Amino acid sequence: MRITIAHNTDDATLKVVEHLKKRLEQKKDVVFDAKYPDVVITVGGDGTLINAFHRYENQISSIRFIGVHTGHLGFYTDWQVKDIDKMVDALFLREPESARYPLLEVELVTEANEKMHYLALNESAVKRISHTLEANVYIDDNLFENFRGDGLCVSTPTGSTAYNKSLGGAVIHPRLKALQMTEIASINNRVFRSLSSPIVIAPDQWITIVPNSDHFVMTIDGNRIDLQNAKMINYRISSREIRFDRFGHTHFWSRVQDAFIGGKDDFI
Ligand code: NAP
């Protein structure tokens, strides 16, 4: 089994990584391979896992992820440090069940009709830093609305607890293959009108944003791409998915409860 460990550089994390490496070295079938791993174990927070996802996104179909959190319980990092030995043993004891979560396929079409593709785990947002963004929004190639405001965000179900939630979007269970679009500070008056509520589209549908503004920013999981000659951006659910080893996986609603409400773990 080819394994790599991706981690942040916090003191607490480095201690955990050292222990994890020792435990893995005791297993005879382990090869540390950061180039073509079968399993990527991340130690840190959700941000650490998102970085690792982008590092290996071209090999995403052949990789399983395991997220260990060294801070608070995360949405992608739900293994606790105290359970690391159990996790290492479980890796070798049985064929792991996996949880597969949808990813967002982003297609950027330039004015010269060049196409660039990106993959997002959480979301992609389109926004302007100064002045408003004006854009036509299409669903399945049908004009839906003319948006004016700070921007728009399209998120995956697992990304629904991140930026999407801060924008008033709903939290969506990751077993649902659906994309959600939320508005960022839309202007709604007699002149400009958009829906003003988040929308959730079906798995076979797609959203197209055609900006009427030059110079804007597109983010992919928080990473910024400055755009000047973009004709349109198409968002749809990717045919690829991210796969997590499921053993010990915390119930999704327990993670939501723990992160945002606090309280005891009632879900099994
Ligand atoms: P960051 O500072 O690394 O992350 C911001 C916070 O979002 C961190 O606490 C992170 O958790 C948490 N987070 C990441 N993915 C999450 C998820 N799926 N569900 C719940 N919380 C999640 O920010 P960044 O590097 O610029 O961007 C990474 C992600 O952070 C973006 O994809 C975006 O969704 C989110 N973000 C949110 C806001 C907002 O809500 N206003 C603003 C910027 C970015 P950890 O501490 O465990 O890493």
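The values are calculated or read from the model by the stated rules, or taken from the named source; none is laboratory data. Note that the structure is a prediction, hence the values are computed from the model and not measured. Backbone-built Cβ (ideal geometry, glycine too); neighbour counts: all protein chains shown. Side chains are part of the model used for accessible areas, which takes the heavy atoms of the whole protein and leaves out ligands, DNA and RNA. Shrake-Rupley method; radii C 1.70, N 1.55, O 1.52, S 1.80 Å.
Considering each residue of region 105-119, count those that are buried (at least 17 other Cβ atoms within 10 Å of the Cβ) and either of a type in the set (Ser, Thr, Tyr) or in contact with an Asp or Glu (Cβ under 7 Å, 6 or more places away or on another chain) (or both), and give that number.
2
How many residues, within region 207-223, are in a loop (DSSP other than H, G, I, E, B) and within 24 Å of residue 140 (Cβ to Cβ)?
Number of matching residues: 2.
Among the residues of region 126-135, is there at least one that is closer than 23 Å to residue 57 by Cα, outside the structural domain of residue 261 (by TED's automatic domain parsing), open to solvent by less than 50 Å² (accessible area, probe 1.4 Å) and touching a residue at least 12 places away in the same chain (Cβ under 8 Å)?
yes
From the list 170, 135, 125, which one is in a loop (DSSP other than H, G, I, E, B) and not hydroxyl-bearing (Ser, Thr, Tyr)?
Criteria check complete, one pass: 170.
Counting only residues that are away from the ligand (no atom under 16 Å from the Cβ) and assigned to a loop (DSSP other than H, G, I, E, B), which one in region 37-60 is most open to solvent (accessible area, probe 1.4 Å)?
Once the filter is applied, the top-ranked residue is 38.
Rundown of residues vs (1) among the basic types (Lys, Arg); (2) within 14 Å of the ligand (Cβ to nearest atom); (3) touching a Lys or Arg at 6+ places or on another chain (Cβ under 6 Å), yes/no style:
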{"residue": "147", "(1), (2), (3)": "no, no, no"}
{"residue": "154", "(1), (2), (3)": "no, yes, no"}
{"residue": "157", "(1), (2), (3)": "no, yes, no"}
{"residue": "165", "(1), (2), (3)": "yes, yes, no"}
{"residue": "175", "(1), (2), (3)": "yes, no, no"}
{"residue": "180", "(1), (2), (3)": "no, yes, no"}
{"residue": "188", "(1), (2), (3)": "no, no, no"}
{"residue": "192", "(1), (2), (3)": "no, no, yes"}
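So which of 167, 176, 195 is modelled with pLDDT of 95 or more and within 15 Å of the chain's Cα centre (by Cα)?
176
Could you please let me know if residue 139 is among the β-branched types (Val, Ile, Thr), more than 16 Å from the chain's Cα centre (by Cα) and modelled with pLDDT of 95 or more?
yes
Report yes if some residue within region 15-36 is within 18 Å of residue 119 (Cβ to Cβ), modelled with pLDDT under 95 and either among the acidic types (Asp, Glu) or open to solvent by less than 40 Å² (accessible area, probe 1.4 Å) (or both); otherwise report no.
So far as region 15-36 goes, no, none of its residues is within 18 Å of residue 119 (Cβ to Cβ), modelled with pLDDT under 95 and either among the acidic types (Asp, Glu) or open to solvent by less than 40 Å² (accessible area, probe 1.4 Å) (or both).
Using the structure shown, decide if residue 200 is assigned by TED's automatic domain parsing to the domain that holds residue 233, open to solvent by less than 30 Å² (accessible area, probe 1.4 Å) and β-branched (Val, Ile, Thr).
No.
Would you mind finding the one in 122, 212, 142 that is closer than 25 Å to residue 52 by Cα and open to solvent by 10 Å² or more (accessible area, probe 1.4 Å)?
Within the list 122, 212, 142, the selection yields 122.
Could you please let me know if residue 104 is within 16 Å of residue 233 (Cβ to Cβ) and within 25 Å of the chain's Cα centre (by Cα)?
yes
Answer with yes or no whether residue 190 is in contact with a helix residue (DSSP H, G or I) (Cβ under 9 Å, 6 or more places away or on another chain), among the basic types (Lys, Arg) and over 21 Å from residue 130 (Cβ atoms).
Here the answer is no, as residue 190 does not meet what is asked.
Among the residues of region 63-113, which ones are farther than 24 Å from residue 178 by Cα, assigned to a strand (DSSP E or B) and away from the ligand (no atom under 12 Å from the Cβ)?
Selection gives 79, 80, 110.
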